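The values are calculated or read from the model by the stated rules, or taken from the named source; none is laboratory data. These numbers were taken from a predicted model, which means no experiment stands behind them. Please note: Cβ atoms are built from the backbone with ideal geometry, for glycine as well, and neighbour counts cover all protein chains shown.
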């Protein structure tokens, strides 16, 4: 068998390509099936409910008719047997009379001897021949030819054998099944009319209830479809109650909150980055153009040195932007190994040196953090460089373990200007400078503190400005780690 598979099709066609008629029939069957299967959730739910109820009603109706048929015939057979057994007792006692009385519900009684002679009979079939089996008797008690008796053809006939003084006799008793047939017909007619009505009621109720239940979902879908990139502040309606749809709407609004925050942050970041890149690029271009046109080699050298400094600043800014992009995208793995925070801070301060201000260390040994050594070095570097930029004379760096709660703490204090409480949150926003001119003169990009905050949050910690008697104190807190590796 050859199966053709086209890259553009979702699955290989299981019909042999060498059989065009089979392929045509297969595709037509798939088309018909696709048209018959409901497309919406509401229609599928209604179809499924109706299918289940239809199967249940069919099974219940057949079972009811079967039980009714069995019960009615068992009742008729019991009445006929009681009449036959009563006559059999009379025969056994030798008290048979030519005409026998009928009990309530019995249609006829006939007593026949072994030679086929009628010994006794009920008044309504007196003079009739003996009851005989059909020429081709079928199974069951109704396989008798009742036409010679002149009674209804649909009878429940019960036969009892008794021993009379003159020998064995056979007692036949018959009961009409007209009432049973009428009851079965009435029940079947009621089921034929009632089941479709019940099925239509189930379909109607399921359609209405499903539509009412899915109405909030459709409202959520329409609202989400109407929300564009510039309308992320809109939210989906939350219906009343505490069901799955309410939780879906709440989750959708939470997702829209995150998208809105991310979108505004991205737009602000792009605007700030464009602004920050525009100025050094314009200055660099001006320096290069002037250097290219200036005839004095010494002036040209100074201009090129300035251009090199601006190039370094652009390179540093680009590196910071890439790092922030990685942190925002979650490209940095969650740290799982304990590292010594005191050792990291000591190495960072030694590499930076004491220029332009002296750095005093107060380090508690074995202060462990579950962290990435490279990113923690970057965090410590940014905090110390920020302190160097704003300090007047001295900088103090402390590392200690806080027992309540179990936290590792890094504090960087400088004796420069204090930070107002209203600015303590704003300085961690990207490209924010409280003293813009001074920060530009010292080469700051406005990304050092935001990078430090993102690294701390990536480690499950925080960075904040805390109260101090004078100057400014930055405090980074991390969950304490285990044992150093």
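Residue by residue through region 356-412, note down the ones that are in a loop (DSSP other than H, G, I, E, B) and within 22 Å of residue 460 (Cβ to Cβ). Passing the criteria: 364, 366, 367, 371, 372, 403, 404, 405, 406.
Taken over region 87-97, the criterion of being in contact with a strand residue (DSSP E or B) (Cβ under 6 Å, 6 or more places away or on another chain) and surrounded by fewer than 17 Cβ atoms within 10 Å (Cβ to Cβ) is satisfied by 92 alone. Cβ-Cβ distances below 6 Å connect the following pairs, each with a first residue in region 59-73 that is closer than 21 Å to residue 199 by Cβ, a second residue that is assigned to a helix (DSSP H, G or I), and a separation of six or more residues or different chains: 61/191. Just one of (1) farther than 30 Å from residue 278 by Cβ; (2) in contact with a helix residue (DSSP H, G or I) (Cβ under 6 Å, 6 or more places away or on another chain) fails for residue 407. It is (2).
Comparison of 231, 254, 262, 226 shows that the only residue that is free of Cβ contacts under 8 Å to residues at least 12 places away in the same chain, exposed (fewer than 15 other Cβ atoms within 10 Å of the Cβ) and either in contact with a helix residue (DSSP H, G or I) (Cβ under 6 Å, 6 or more places away or on another chain) or closer than 22 Å to residue 40 by Cα (or both) is 226.
Of all residues in region 415-449, which are modelled with pLDDT of 85 or more and part of a loop (DSSP other than H, G, I, E, B)? Result: 415, 416, 417, 418, 419, 420, 424, 425.
Does residue 259 meet the test of being in a helix (DSSP H, G or I) and within 23 Å of residue 429 (Cα to Cα)? Yes: the conditions hold for residue 259.
Does residue 168 satisfy being buried (at least 17 other Cβ atoms within 10 Å of the Cβ), closer than 30 Å to residue 130 by Cα and either touching a strand residue (DSSP E or B) at 6+ places or on another chain (Cβ under 8 Å) or outside the structural domain of residue 81 (by TED's automatic domain parsing) (or both)? The answer is no for residue 168. Any chance region 369-389 includes a residue that's assigned by TED's automatic domain parsing to the domain that holds residue 340, surrounded by fewer than 22 Cβ atoms within 10 Å (Cβ to Cβ) and closer than 10 Å to residue 478 by Cβ? Yes. Filtering region 140-193 to residues that are farther than 22 Å from residue 88 by Cα, part of a helix (DSSP H, G or I) and touching a helix residue (DSSP H, G or I) at 6+ places or on another chain (Cβ under 7 Å) leaves 180, 183, 184, 187, 188, 191.
In region 349-360 there is no residue matching the filter, namely being within 16 Å of residue 478 (Cα to Cα) and either crowded, with 22+ Cβ neighbours inside 10 Å or in the same structural domain as residue 472 (by TED's automatic domain parsing) (or both).
Only one of (1) outside the structural domain of residue 396 (by TED's automatic domain parsing); (2) out of contact with any helix residue (DSSP H, G or I) (no Cβ under 9 Å at 6 or more places or on another chain); (3) modelled with pLDDT of 75 or more is not met by residue 268, so which one is it? (3) is the only condition that residue 268 fails. When 200, 214, 177, 193 are checked against the criterion of being within 30 Å of residue 58 (Cβ to Cβ) and exposed (fewer than 11 other Cβ atoms within 10 Å of the Cβ), a single residue qualifies: 193. For region 279-293, filtered to residues that are within 29 Å of residue 430 (Cα to Cα) and at pLDDT 75 or above, the residue that is surrounded by the most Cβ atoms within 10 Å (Cβ to Cβ) is 287.
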